[in-house]
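Please treat every number below as a calculation from the coordinates, not as lab data. As the structure is a computational prediction, the values presented were derived from the model and not from experiment. Because the Cβ atoms are built from the backbone with ideal geometry, glycine has one as well, and the counts that use them run over all protein chains shown.
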Amino acid sequence: MTLLVYLGHPAHFHLFKETIKNLQVKSVKVIIAIKSKDVLEKLLIDSKLPYINISEVNAKGNAYKNFGKRLYNLAKIIRANKPKLLIGSAAELAVLGKLFRIPSYIFFEDDFEAVKKFAKVAGPFATKLICPDYCSAWKWNDKKLGYKSYHELAYLHPNHFTPDAEKVKHIFNLNNKNYILRFAQLTAYHDIGKSGITTAIAQQLIDALSKHGNVFITSERKLEPQFEKYRIQISPLDIHHALYFADMYIGDSQTMTAEAAVLGTPAIRFNDFVGELSYLEELEHSYHLTYGIRTNHPEKLLEKVNELLNVTDLKQEWQSRRERMLDKCIDMSKFMTTLVEKELFQ
């Protein structure tokens, strides 16, 4: 029995890693194909998971030509391995599933209306569109399979993640406050016209936070020289332990904001997607685990940071909010494993 999993982002590695392990134990042959992105390849190497890289970093050519190249390379893998099911978060799988008459399950968390180019390819061709209950599949809701959880709970649910202070003791002084800043690249097609934390705002944040504790930066984009000394020195596999033990997270990344939130770390997101993505809106307004601020209100970002810095027992309060969220949500990885098994073994 063969399954093809296609990963195009480090978040996809985390999303599918437990399901991959569960299926391998049951003698499923799992073929992992990847598109290079940030630390994705390093995560696979460190995890000792074999993979096929179909698209190197900074592939030349326009987006449509690169999409075609990925289709071609994935098609070769499908012909050679004849998988029974294709799973991932990429539109390429939907197209190839239709072409080869293989079921394709597309997992996503962003409302389709917010990623229309992706939606217009994945929607018509996918077999199933699998997303949180509150997430919109736009014109293709008849294909939607909803669930009560978040992608981040596929790997950060307590059933799969146990915070380990040993993994952060070389960088964090846990007797002091520790703060993490995250700078995303914001270069994907759906990021066009969107902005996040600028150099000036980053410096303001560092100035404010440094009065209360230690500041660490994790960044997709190249850091300015003055910020290099703050770069967090930790394995990508251990970043979630740092997020758990951090006293606050501030960034312009959707994924890491959600990760901090489900770990019970106060999280602030500063970018132009605020108000547009249902899963982050639910984490903010239903569970009060995160705050979203758009870039036209930088003064509100500093106000919120200073407000939280002055809250007594801030982390304890967020851990209580996290428990309330966990009580309402399912183990995402268990759900995914059962779903894929049903298709493979029917």
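From Lys117, Lys139, which residue is in a helix (DSSP H, G or I), under 23 Å from the mean Cα position of the chain (by Cα) and either among the basic types (Lys, Arg) or within 20 Å of Met1 (Cα to Cα) (or both)? Before you say what the answer is, go through the steps one by one.
Details: Lys139 fails: under 23 Å from the mean Cα position of the chain (by Cα).
Checking each option against the conditions leaves just Lys117.
Tally time: how many residues in the stretch 136-152 are closer than 23 Å to Asp327 by Cα and of a type in the set (Asp, Glu)? Adding up the residues that qualify gives 1.
Yes or no, residue by residue, for (1) of a type in the set (Val, Ile, Thr); (2) touching a Ser or Thr at 6+ places or on another chain (Cβ under 6 Å):
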residue	(1), (2)
Lys17	no, no
Asn22	no, yes
Ser27	no, no
Val39	yes, no
Ser47	no, no
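Among the residues of the stretch 277-318, just one is on the phi > 0 side of the Ramachandran plot and either out of contact with any helix residue (DSSP H, G or I) (no Cβ under 8 Å at 6 or more places or on another chain) or hydrophobic (A, V, I, L, M, F, W, C) (or both), namely Asp313. Residue pairs whose Cβ atoms lie under 7 Å apart, separated by 6 or more positions or on different chains, with the first residue in the stretch 153-164 and farther than 15 Å from Met325 by Cβ and the second assigned to a loop (DSSP other than H, G, I, E, B), are Tyr155/Phe161.
Considering the stretch 288-318, the residues that are among the polar types (S, T, N, Q) and in contact with a Ser or Thr (Cβ under 9 Å, 6 or more places away or on another chain) include one that is farthest from Gln204 (Cα to Cα), namely Thr290.
Would you mention how many residues in the stretch 250-267 are within 16 Å of Phe161 (Cβ to Cβ) and not in a helix (DSSP H, G or I)?
Step one: of the stretch 250-267, the residues within 16 Å of Phe161 (Cβ to Cβ) are 255-256, 258-265.
Checking which are not in a helix (DSSP H, G or I) leaves us with 263-265.
Qualifying residue count, the stretch 250-267: 3.
The number of residues in the stretch 219-246 being assigned to a loop (DSSP other than H, G, I, E, B), in contact (Cβ under 8 Å) with a residue 24 or more places away in the chain and under 20 Å from Gln203 (Cβ atoms) comes to 6. Checking Glu303 against (1) surrounded by fewer than 15 Cβ atoms within 10 Å (Cβ to Cβ); (2) in contact with a Gly (Cβ under 6 Å, 6 or more places away or on another chain), which test does it fail? So Glu303 meets the others, but not (2).
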